[in-house]
Each structure stands twice: as C-alpha cells, then as structure tokens.
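Each remark here refers to the structure printed beneath this line.
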Amino acid sequence: MNSFWKEIGINYPIIQGGMAWVAEHSLASAVSNGGGLGIIAAANAPVSYVRDEIRKTKALTDKPFGVNVMLLSDNVDEIARLVCEEGVKVVTTGAGDPSKYMDMWKEHKIKVIPVVPSVALAKRMERSGADAVIAEGCEAGGHVGELTTMALIPQVVDAIKIPVIAAGGIGDGRGIAAAFMLGALGVQVGTRFLVAKECTIHPAYKERVLKAKDIDTVVTGRPTGHPVRILKNRLARELLKLEKTAAPIEQYEELGQGALAKAVKEGDMDMGSIMAGQIAGMIIKEQTCSEIIEEMFDEFKELMNKNIEI
Ligand code: TUI
C-alpha cells in the first residue's frame with residue numbers, strides 16, 4: 001500500500017464519489033467499512049443536516065471517512081468551518097476552487113483532495129497546499145469538465161508532484177488497472193455505488209441505472225457554465241431544447257431547480273435529474289459496497305498478473 005493511503009488509513013485505494021443528495025451516512029459508512037473511503041456529500045444541504053450525517057457516520061464506522069464540499073453552495077463558508085469543528089479527516093471538493101479554505105483545513109490537519117477537471121486547476125491546487133487531487137474526466141456523472149479521463153490523467157500526472165486519483169468512467173477492475181497505467185495512485189468511483197445495497201436513493205433511480213445502455217447519458221446545461229451529465233429523459237430533452245433556442249439561463253434554472261431531489265427522493269424518472277456516468281451501461285447488479293470493492297480489486301489483481309502480448 002502506498003504511504004499516501006496508509007496515512008489516510010484505508011485498505012483499498014478507492015474513494016467514493018461525493019454524489020449530491022446520494023452520498024449520505026448509510027452509503028459512506030458502508031464504503032468505509034468495506035475498506036474504501038466513504039464520503040458524505042454536503043451538496044446544497046443545510047449545516048445542521050450535514051452535521052447530523054457526519055455524526056451518524058461516526059456512529060456506524062470507526063474507519064476514516066470524508067466530506068465532499070460543493071463549492072457552488074450558498075452556505076459553503078459554514079460547511080468549510082463545520083468539517084473543522086467535527087474533526088473530519090478528509091475533505092474532497094467539487095465544482096470550484098477551494099483555495100480560500102485551504103489554510104483553515106490544513107490547520108485542522110485535514111487531508112484536502114480537490115476534484116479538478118484540468119491541468120491548470122491541478123497546478124493551482126498543488127500550490128495552495130492540497131494533499132492530492134482527484135482528476136475527473138467527463139465520463140463522470142453530474143457536473144463535468146471538458147476532457148476525458150484518458151486524456152486528463154496523464155497530463156495532470158506530468159504536471160504536479162502530489163498524488164493523482166483518477167475519476168470518471170471507472171466501474172470495474174479494468175478501469176482501476178487503466179487508471180494505474182495512466183499514473184494515478186487510486187480511483188474515485190461514483191456511478192457504481194449508486195446501485196449499492198446501502199445506497200438509499202429511490203429504487204426507480206437504481207432500476208434506471210441498471211437498465212441504462214452505453215449511449216444513455218447526455219451532457220446538459222452547457223450554456224449555464226455548469227454542464228451536468230445525466231441519463232436521458234424528458235428533463236434532458238427539455239434542457240437540450242433550450243440550447244437549440246439560445247434560451248435565457250433562468251429557464252435552465254427553472255427546470256433544474258430541485259430536479260436532483262425529484263429523482264433521488266421521489267423516483268421521478270421523467271422530470272428528475274438522474275445524474276450518472278457513462279459507465280452506467282456496464283452496471284448490471286445491485287451489490288453491497290463491500291462486494292463492489294472486493295470484486296473490483298479482485299478483477300484488478302487478476303489483470304495485473306496477465307501477460308499482455310503485442
Ligand atoms: O462537482 C462535481 N460533480 C457534481 S457537483 C453537483 S451539484 C451541481 N448541480 C448542478 C450544477 C452544478 C453543480 C453535481 N455533480 N464533480 C467534480 C467537478 N468539479 N467536476 C468539475 C469540477 C470543476 C469545474 C470547474 C472544478 C473546478 C472548476 O473550476 C474552478 C475554477 O474556479 O477555476
């Protein structure tokens with residue numbers, strides 16, 4: 001095991017994606033108990049909710065876990081302080097630049113692992129004092145950048161000295177092997193955990209992911225500056241229609257408002273935002289988090305023993 005992971009204190013080099021509305025105490029504790037790093041998503045949630053989730057996770061696991069801070073949230077300053085107060089060991093960030101919180105987090109001995117979509121942001125994060133970065137390709141679900149994992153990881157690896165964790169399009173042992181070949185030190189996985197037994201999203205959401213085909217995701221909302229990959233449904237079609245008519249941004253916001261909660265909580269597969277990555281087509285069964293992690297790393301180890309003929 002690499003010293004970076006030893007310091008964090010986990011058995012497998014896998015971080016669970018900080019999926020908004022999805023990543024709560026049940027999923028995070030199950031991933032951590034399975035030997036990975038479970039993550040609670042703060043998303044846009046109130047501070048009291050996130051505090052509660054952190055405490056519930058502590059009650060369910062004595063293993064390390066982290067909190068994902070979503071930088072577009074209105075209460076991000078308060079969430080940034082909350083993780084310090086609660087003694088959270090690891091923070092991942094998404095959808096922005098967390099530099100202004102870095103000193104405070106480092107004073108509290110928090111390992112900070114920002115998600116980056118580009119070399120420029122990876123370099124900025126290294127300069128700001130990040131412990132590692134998660135370089136996320138646009139195969140991922142949710143808010144995405146422009147580059148694919150295949151193109152992004154080696155360029156980030158070449159540009160910085162801190163560890164790089166690969167994300168986007170990783171759903172089995174082949175993805176882990178590929179990530180290591182590209183120079184990553186580990187992986188972040190989101191979509192596969194959507195169908196974990198301990199994941200408490202609406203059953204209709206899980207069913208939709210299990211039934212998804214390779215070409216079923218689409219990136220919506222590009223004109224807003226926050227492109228989001230979701231599974232195709234009526235919401236996706238209406239969002240894409242707005243792009244064709246050069247509609248004002250407010251119309252995207254109207255459609256997007258509360259749409260993720262509609263999918264996650266109510267199981268609205270029509271107008272809900274069903275965030276998922278491109279590997280959704282590869283996901284065929286519901287398993288426990290522990291089974292997912294063990295299976296992925298068994299496949300990875302088997303691949304590493306294979307002689308590749310050229
Ligand atoms: O953050 C994510 N995935 C997310 S966040 C989210 S909640 C949301 N919903 C609708 C619209 C916007 C957010 C759902 N899924 N992944 C990590 C990630 N971060 N992907 C891309 C980025 C990113 C993009 C631009 C990080 C930094 C950045 O620029 C920072 C800067 O200031 O230069």
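Would you mind finding the one in Ser48, Ser26, Ser32 that is open to solvent by 20 Å² or more (accessible area, probe 1.4 Å) and either assigned to a strand (DSSP E or B) or in contact with a Leu (Cβ under 9 Å, 6 or more places away or on another chain) (or both)?
Result of the check over Ser48, Ser26, Ser32: Ser26.
Contact annotation: residue pairs with Cβ atoms under 7 Å, 6 or more positions apart or on different chains, pairing a residue in segment 109-131 that is over 20 Å from Arg81 (Cβ atoms) with a partner that is among the hydroxyl-bearing types (Ser, Thr, Tyr) and crowded, with 20+ Cβ neighbours inside 10 Å, are Val115/Thr92; Val115/Thr93.
Can you tell me which residue in segment 63-87 is most open to solvent (accessible area, probe 1.4 Å), limited to those that are hydrophobic (A, V, I, L, M, F, W, C) and part of a loop (DSSP other than H, G, I, E, B)?
Across segment 63-87, the extreme among qualifying residues is Leu72.
Counting only residues that are part of a loop (DSSP other than H, G, I, E, B), surrounded by fewer than 20 Cβ atoms within 10 Å (Cβ to Cβ), away from the ligand (no atom under 11 Å from the Cβ) and not small (Gly, Ala, Ser), segment 88-143 holds 3 of them. Looking at Leu60, is it open to solvent by 60 Å² or more (accessible area, probe 1.4 Å), more than 19 Å from the chain's Cα centre (by Cα) and in contact (Cβ under 8 Å) with a residue 24 or more places away in the chain? The answer is yes for Leu60. Scanning segment 268-289 for residues that are open to solvent by 50 Å² or more (accessible area, probe 1.4 Å), within 21 Å of Glu24 (Cα to Cα) and not in a loop (DSSP other than H, G, I, E, B) returns a single hit, Met275.
Evaluating Leu242 against the criteria (1) more than 17 Å from Gly141 (Cβ to Cβ); (2) of a type in the set (A, V, I, L, M, F, W, C); (3) assigned to a loop (DSSP other than H, G, I, E, B) leaves one unmet condition, (3).
Among the residues of segment 222-236, what is the count of those that are of a type in the set (D, E, K, R), within 13 Å of the ligand (Cβ to nearest atom) and farther than 11 Å from His143 by Cβ?
1
The values are calculated or read from the model by the stated rules, or taken from the named source; none is laboratory data. Bear in mind the structure is a predicted one, so any value in this text is a computation, not a measurement. Every residue, glycine among them, receives a Cβ derived from its backbone with ideal geometry; neighbour counts consider all protein chains shown. Side chains included, ligands, DNA and RNA excluded: accessible areas come from the protein's heavy atoms. Shrake-Rupley method; radii C 1.70, N 1.55, O 1.52, S 1.80 Å.
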